[in-house]
Amino acid sequence: MGSVKDYFSSLGSGIASLIKGMGVTGKEFLTSKVSEQYPDKRDTIAYAAPRFRAKLQFIYEPDGRNRCTACGTCQRNCPNGTISITTKTVDLPDGKKKRKLDTYLYDLGSCTFCQLCVTTCPFDAIEFTNDFEQAVFTREKLVQKLNYLPEQPGDPAPKPGTPVRPAANVAAKPAATDAEKPASGNPATDNENKKEN
Ligand code: SF4
Ligand code: SF4
């Protein structure tokens, strides 16, 4: 008699367990799907989170100008020598010389994605893209030239939000040399004027 009771007791608990399991299955069946069919549908999937740091890149203006002044701050702040910048000196129309960016090399293979370069760039010239598909077959291909577009006459573009001098003033008054510039008496302003030149 006892074995019959045990039989129906285990049958009941088995059915209860089955109903519970089917309930979980039914709930997941009705929940919207979150899995993405990668790489088959790589054009439509959401890829990685926007804040994901996959690779450093230049911020280009719509007209192809970049904002890098070749100041070297990012290179100095990078803890492991991932950034290598070379500069060149160009002659300006007014006879002055100006240092400009020649090559900006970034080694994705040694980058730790700490973002120190981005946060310390005074001109907001670089950013991280979240495009994680960066697999290549050799380490050499991980070294990338970030200023890959042809140099524009207006390079570097000003940082967004930088006040632009009215064109009329620029045309009416030729650029003054350091010797011609009157000192304002304000050391901070005078230093800024020297930096601009
Ligand atoms: S990316 Fe920014 S910090 Fe680096 S050299 Fe260019 S302007 Fe300077
Ligand atoms: S994220 Fe860090 S390691 Fe990578 S280039 Fe910038 S400073 Fe260097």
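The values are calculated or read from the model by the stated rules, or taken from the named source; none is laboratory data. Computed from a predicted model, the values in this text were never measured in an experiment. When we count neighbours, we look across all protein chains shown, and the Cβ atoms used for this are built from the backbone with ideal geometry, even at glycine.
Which condition from (1) touching a strand residue (DSSP E or B) at 6+ places or on another chain (Cβ under 7 Å); (2) loosely packed, with under 13 Cβ neighbours inside 10 Å; (3) more than 19 Å from Leu142 (Cβ to Cβ) is the one that Thr119 breaks? Unmet for Thr119, out of (1) touching a strand residue (DSSP E or B) at 6+ places or on another chain (Cβ under 7 Å); (2) loosely packed, with under 13 Cβ neighbours inside 10 Å; (3) more than 19 Å from Leu142 (Cβ to Cβ): (1).
Any idea which of Asp63, Asp40, Asp102 is acidic (Asp, Glu) and in contact with a strand residue (DSSP E or B) (Cβ under 8 Å, 6 or more places away or on another chain)?
On the way: Asp63 fails: in contact with a strand residue (DSSP E or B) (Cβ under 8 Å, 6 or more places away or on another chain); Asp40 fails: in contact with a strand residue (DSSP E or B) (Cβ under 8 Å, 6 or more places away or on another chain).
Only one candidate qualifies: Asp102.
Got a number for residues in the stretch 76-108 being among the aliphatic types (A, V, I, L, M), more than 14 Å from ligand 1 (Cβ to nearest atom) and closer than 20 Å to Val118 by Cβ?
Going through the stretch 76-108, the residues among the aliphatic types (A, V, I, L, M) turn out to be 83, 85, 90, 92, 101, 105, 108.
Going one step further and asking which of them are more than 14 Å from ligand 1 (Cβ to nearest atom), we end up with 90, 92, 108.
With the extra rule that they be closer than 20 Å to Val118 by Cβ, the set shrinks to 108.
Counting residues in the stretch 76-108 that are among the aliphatic types (A, V, I, L, M), more than 14 Å from ligand 1 (Cβ to nearest atom) and closer than 20 Å to Val118 by Cβ gives 1.
Being free of Cβ contacts under 8 Å to residues at least 24 places away in the same chain, under 24 Å from Phe132 (Cα atoms) and either assigned to a helix (DSSP H, G or I) or of a type in the set (A, V, I, L, M) (or both) is the filter here; which residues of the stretch 27-74 pass it? If the condition is that a residue be free of Cβ contacts under 8 Å to residues at least 24 places away in the same chain, under 24 Å from Phe132 (Cα atoms) and either assigned to a helix (DSSP H, G or I) or of a type in the set (A, V, I, L, M) (or both), then Val34, Ile45, Ala46 are the ones that fit. Scanning the stretch 122-143 for residues that are surrounded by 14 or more Cβ atoms within 10 Å (Cβ to Cβ) and within 19 Å of Asn80 (Cβ to Cβ) gives Ile126, Phe128, Leu142, Val143.
Please indicate, with yes or no, whether at least one residue in the stretch 123-134 is away from ligand 2 (no atom under 16 Å from the Cβ) and at pLDDT 85 or above. Spell out how you get there, then give the answer.
Going through the stretch 123-134, the residues away from ligand 2 (no atom under 16 Å from the Cβ) turn out to be 133.
Among the residues that remain, those that are also at pLDDT 85 or above are: 133.
The answer is yes; a qualifying residue exists.
Residues in the stretch 70-107 that are in contact with an Asp or Glu (Cβ under 9 Å, 6 or more places away or on another chain) and crowded, with 17+ Cβ neighbours inside 10 Å: Ala70, Thr82, Ile83, Ile85, Leu101. Restricting attention to the stretch 121-154, the residues that are within 15 Å of the chain's Cα centre (by Cα) and β-branched (Val, Ile, Thr) add up to 2.
Every condition in (1) more than 15 Å from Pro156 (Cα to Cα); (2) away from ligand 2 (no atom under 15 Å from the Cβ) holds for Gln57 except the one numbered (2). Here the stretch 23-69 is the region considered, the condition is being out of contact with any Phe, Trp or Tyr (no Cβ under 8 Å at 6 or more places or on another chain) and among the aromatic types (Phe, Trp, Tyr), and the residue that is surrounded by the fewest Cβ atoms within 10 Å (Cβ to Cβ) is Phe29. Hey, any hits in the stretch 51-68 for a residue that's farther than 21 Å from Pro122 by Cα and touching an Asp or Glu at 6+ places or on another chain (Cβ under 7 Å)? Within the stretch 51-68, one or more residues are farther than 21 Å from Pro122 by Cα and touching an Asp or Glu at 6+ places or on another chain (Cβ under 7 Å).
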